[in-house]
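Chemist: So that we are looking at the same thing, I have put the structure below in structure tokens.
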Amino acid sequence: MTGANVSHTKWMKRAIFLASLGKNTTSPNPKVGAVILDKNGKLISEGFHFKAGMPHAEAMAFNNLKKDAKGGSIYVNLEPCCHQGRTPPCVDKVISSGIKRAYISIEDPDVRVAGKGIKMLEEAGIKVHLGLCKKESLDLNKAFIHRNITKKAFGVFKWAMSIDGRIALKNGKSKWITNEESRALVHSFRAEFDAIIIGGNTLRKDNPLLTTRGLKNPEPLRVVFTKSLDLPIKSNLWDCSKAKTLVIYDSSRANKKYLTRIPKCVDVEEVSSDNPELISKILAKRGCNKVLWECGPRLATAAIKSNCIQEIIAFIAPKILGGENSMNPLADFEFGEMNEIIKLSESQLSLIGSDMCVKSSLKN
Ligand SMILES: NC(=O)c1ccc[n+]([C@@H]2O[C@H](COP(=O)([O-])OP(=O)(O)OC[C@H]3O[C@@H](n4cnc5c(N)ncnc54)[C@H](OP(=O)(O)O)[C@@H]3O)[C@@H](O)[C@H]2O)c1
Ligand SMILES: [Zn+2]
């Protein structure tokens, strides 16, 4: 790598770092950071996108300009937008600033942009360099990209289990398998998500809170997927003062008389079947980029089968639950041959006190 390339990479990494500051807050928008250098290569401004409706990264960087950007360069991890949204197009700002070079890591998959922003910059005589730090940028905005391409939310399935692969005793008792540190980590980790999904049975058995315990404001949307609608009259999820709740039910099976059990503050949507893909699509439409599946084995298996899960996170405690009939994290996929089984990739292992945490990707 030449000296010039090293410094271009350094500035793009800075833009990616700035973008990451919007980690838990930008949905449905992408995470974007921008760095502006003057014509002598000196840093004169930077910015990042914090929240939908607030200035885009480029706009914030131009608002913060300390010096004229004429003849200078801009580094952004995502193609600048060229459409009027809640805020004006960033491409116009770049062009009118007199900037001469734009380093853009990746194209914006949003059909309203998708290469058009780059074309407009080039037509205005700006030299565009595309692809710097592409891998890091794709990784940072993988959920946003996934939602734009598939029209489904990027799904992560999380579970906690004993070293012998059990998530509950056969009588359903599971409090607690993992240690306090792991459970606290789950609360903070939920803040990265726009919604948390469980099935009706987990609601009936565990009555969970599904919040970040105040670490994110507003809290992620809590979602219950039910076929029967046979949900309890009393539930922590019915208290909407802490977080919003959405119940999605399968209208082909549900007994609608149970709708009266759900308080008015809870949103309700019906879908035509029990295919988890329908939840993923509803949540994508509601602007959720990344959703956490904290469900039990039956719903999780259906979600994996319908390509709703892109990553898994398993918390593993050094405890033995034993028992042929105690619960597994997943139900039957009916694999008959070893070449049919699901192989995970990009695994990472970390230790949380005495517990282990494994993260892996699913290829689908
Ligand atoms: N250790 C852990 O990490 C962990 C995490 C979550 C759950 N759990 C345990 O898991 C147990 C519940 O397991 P579960 O498998 O019954 O989980 P679940 O999360 O309740 O999912 C199953 C429920 O989802 C609804 N559903 C909607 N569409 C479905 C579909 N296509 N396939 C399957 N279900 C669908 C049904 O609700 P309706 O019955 O309302 O129609 C069904 O009963 C509980 O004992 C809980 O403690 C453990
Ligand atoms: Zn923009």
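Yes/no per residue for (1) among the charged types (D, E, K, R); (2) within 16 Å of ligand 2 (Cβ to nearest atom); (3) without any contact (Cβ under 8 Å) to a residue 40 or more places away in the chain:
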| site | (1), (2), (3) |
| --- | --- |
| Leu37 | no, no, yes |
| Leu43 | no, no, yes |
| Asn63 | no, yes, yes |
| Asp68 | yes, no, yes |
| Pro80 | no, yes, no |
| Ser96 | no, yes, yes |
| Ser105 | no, yes, no |
| Glu136 | yes, no, no |
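Chemist: Quick check on Ala284: is it more than 27 Å from Lys170 (Cα to Cα), in contact with a helix residue (DSSP H, G or I) (Cβ under 8 Å, 6 or more places away or on another chain) and not in a strand (DSSP E or B)?
Modeler: The answer is yes for Ala284.
Chemist: Same structure again: Within the range 346-361, which residues are under 30 Å from Glu277 (Cβ atoms) and surrounded by fewer than 18 Cβ atoms within 10 Å (Cβ to Cβ)?
Modeler: Within the range 346-361, Glu346, Ser347, Gln348, Val358, Lys359, Ser360, Ser361 qualify.
Chemist: Which condition does Asn29 not pass, out of (1) open to solvent by 10 Å² or more (accessible area, probe 1.4 Å); (2) under 24 Å from Asp139 (Cβ atoms); (3) touching a strand residue (DSSP E or B) at 6+ places or on another chain (Cβ under 8 Å), if it passes all the others?
Modeler: Just one mismatch for Asn29, condition (3).
Chemist: Go through the range 337-360 and report how many residues are under 21 Å from Ala300 (Cβ atoms) and not in a strand (DSSP E or B).
Modeler: Total meeting the criteria: 4.
Table: residues versus (1) in a loop (DSSP other than H, G, I, E, B); (2) touching a residue at least 12 places away in the same chain (Cβ under 8 Å); (3) open to solvent by 10 Å² or more (accessible area, probe 1.4 Å); (4) farther than 22 Å from Gly287 by Cα.
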| position | (1), (2), (3), (4) |
| --- | --- |
| Pro208 | yes, yes, yes, yes |
| Arg213 | yes, yes, yes, yes |
| Arg222 | no, yes, no, no |
| Phe225 | no, yes, yes, no |
| Leu231 | yes, yes, no, yes |
| Leu237 | no, yes, no, no |
| Ser241 | yes, no, yes, no |
| Leu246 | no, yes, no, no |
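Chemist: When only residues in the range 326-345 that are surrounded by 10 or more Cβ atoms within 10 Å (Cβ to Cβ) and within 28 Å of the chain's Cα centre (by Cα) count, which is farthest from Phe315 (Cα to Cα)?
Modeler: Here the residue is Phe333.
Chemist: Now, a different point. Of everything in the range 149-163, what is part of a strand (DSSP E or B) and among the β-branched types (Val, Ile, Thr)? Give them in sequence order.
Modeler: The answer is Val156, and nothing else.
A quick yes/no check of all residues on (1) of a type in the set (Asp, Glu); (2) in contact with a Phe, Trp or Tyr (Cβ under 7 Å, 6 or more places away or on another chain); (3) open to solvent by less than 10 Å² (accessible area, probe 1.4 Å):
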| position | (1), (2), (3) |
| --- | --- |
| Leu21 | no, yes, no |
| Asn24 | no, no, no |
| Glu46 | yes, no, no |
| His49 | no, no, yes |
| Lys70 | no, no, no |
| Glu79 | yes, no, yes |
| Gly85 | no, no, no |
| Ile95 | no, no, no |
| Ile99 | no, no, yes |
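The values are calculated or read from the model by the stated rules, or taken from the named source; none is laboratory data. As the structure is a prediction and not an experimental result, all values here were calculated from the model. Note that we place each Cβ from the backbone using ideal geometry, even for glycine, and neighbour counts take in every protein chain shown. Ligands, DNA and RNA are stripped out before the accessible areas are found, and what is left, the full protein with its side chains, is counted by its heavy atoms. Shrake-Rupley method; radii C 1.70, N 1.55, O 1.52, S 1.80 Å.
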